[in-house]
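Accompanying notes for the structure given below.
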Amino acid sequence: MELSNSIQNALNEMGYHSLLPIQEKVIPMIQDGKSLFVLAKTGSGKTASYLIPAIEQVQETDDFTSVLIIAPTRELAIQISLEAKLLASYTKVHIVTLIGGMDSDRQLNALRHRPHIIIGTPGRLLDLYTQGAFDLSKLSLFVIDEADQVYSTGQSEEVKQLRKEIHGVQTICLSATKNDTIQTYFDTPFEEVLQGSVAVRSYYLETKDKKTTLLSLLQSLPITSAIVFVNHRSTAIELSELLLRNHILSSAFSGYFDERKRIAIMSDFRKGDIRVLVATDAAARGLDIHELSHVIHYDIPIDTETFIHRSGRTAHQGDEGISI
């Protein structure tokens, strides 16, 4: 496929020596103007598969928004934005991120500079759009990442309201699971791209003392880094304190924490300053963490989709992973 020199330079700087299978398949299809439903787990490289053609189609002299990318969580929106800015580092493509929990005045100011690409969460996007803060009349590419989680977190209505403002635009929908609701995000014919299975080994442990068993696992398994998933914030805090008392570098992580705290915790986790993240399902959706060796479901998730998303935090980009 044809990639511009600016994208190739950015990819080289980011350490991409070759494109991943999903990127080789999806990028040319988007370049050809096709609308797609892409079924693939997080970590397969699907973010770059739509960001690369999105950045390449932008004309730097344009003074309007041509790409809108929706993510179900603030963390995923930030992550997509960081990757987009790295890929666009050799261009003058202007990218703005719109999420809740951050200063809306700063976001409004950024929009006055007419970004080429907007990335955000449904609620904040719809709020600012209804205020007239940005225009979608010249949009050429509409992307919904983790579309199944948009639905399961009750944000479909906001997306559908934005969808009503966008007619006949090339649409890319990406998801780890498939349900009938996803079809409603399209208003043009679309093709399906199905990514193959992933190398996650799953184990089931039965115990009468979950805390003791968890400590034993974390102290004996060859864990580089792990996420322990729980259903409640109080459990996350309690378990993290238990692990710290037992000399295991740990932190709780919850959607109730403010945005800056969550960003700081994730930064420490990626750097290795935290070995075990004890998290509610705020961390199950869209976080791309390389070299995460283990996912441990301390509490059983509420549904199958959540279990898939939790387990999908491991085994990224060809690595093997373990789900317990």
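The values are calculated or read from the model by the stated rules, or taken from the named source; none is laboratory data. All values reported here derive from a predicted model rather than from experimental measurement. Cβ atoms come from the backbone with ideal geometry, glycine included; neighbour counts cover every protein chain shown. Each accessible area value is taken on the protein alone, full model and side chains, heavy atoms only, with ligands, DNA and RNA left out. Shrake-Rupley method; radii C 1.70, N 1.55, O 1.52, S 1.80 Å.
Which condition does residue 89 not pass, out of (1) under 20 Å from residue 121 (Cα atoms); (2) open to solvent by 40 Å² or more (accessible area, probe 1.4 Å); (3) within 21 Å of the chain's Cα centre (by Cα), if it passes all the others?
With (1) under 20 Å from residue 121 (Cα atoms); (2) open to solvent by 40 Å² or more (accessible area, probe 1.4 Å); (3) within 21 Å of the chain's Cα centre (by Cα) applied to residue 89, the lone miss is (1).
Which of the residues that make up the stretch 122-165 are open to solvent by 10 Å² or more (accessible area, probe 1.4 Å), modelled with pLDDT of 90 or more and assigned to a loop (DSSP other than H, G, I, E, B)?
The answer is 131, 132, 133, 134, 135, 137, 138, 139, 140.
I'd like the full set of residues that are in a strand (DSSP E or B) and at pLDDT below 90, limited to the stretch 194-229.
194, 200, 201, 202
Test residue 233 against the stated conditions and say whether it is within 24 Å of residue 102 (Cβ to Cβ) and at pLDDT 85 or above.
Yes: the conditions hold for residue 233.
Yes/no matrix, rows are residues, columns are (1) within 16 Å of residue 224 (Cβ to Cβ); (2) modelled with pLDDT under 90; (3) of a type outside the set (Val, Ile, Thr); (4) not in a loop (DSSP other than H, G, I, E, B):
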position: 261; (1), (2), (3), (4): no, yes, yes, yes
position: 268; (1), (2), (3), (4): yes, yes, yes, yes
position: 278; (1), (2), (3), (4): no, no, no, yes
position: 290; (1), (2), (3), (4): yes, yes, yes, no
position: 305; (1), (2), (3), (4): no, yes, yes, yes
position: 314; (1), (2), (3), (4): yes, yes, no, no
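Kindly provide the set of residues from the stretch 226-266 that are touching a residue at least 24 places away in the same chain (Cβ under 8 Å), open to solvent by 70 Å² or more (accessible area, probe 1.4 Å) and either within 17 Å of residue 310 (Cβ to Cβ) or charged (D, E, K, R) (or both), ordered by number.
The answer is 232, 233, 258.
So which residues in the stretch 47-71 are in a helix (DSSP H, G or I) and surrounded by fewer than 22 Cβ atoms within 10 Å (Cβ to Cβ), if there are any at all?
56, 57
Assess whether residue 13 counts as being open to solvent by 10 Å² or more (accessible area, probe 1.4 Å), in contact with a Leu (Cβ under 9 Å, 6 or more places away or on another chain) and among the acidic types (Asp, Glu).
Judged against the criteria, residue 13 is a match.
Quick one: count up the residues across the stretch 24-45 that are closer than 25 Å to residue 179 by Cβ, open to solvent by less than 40 Å² (accessible area, probe 1.4 Å) and modelled with pLDDT of 90 or more.
Adding up the residues that qualify gives 7.
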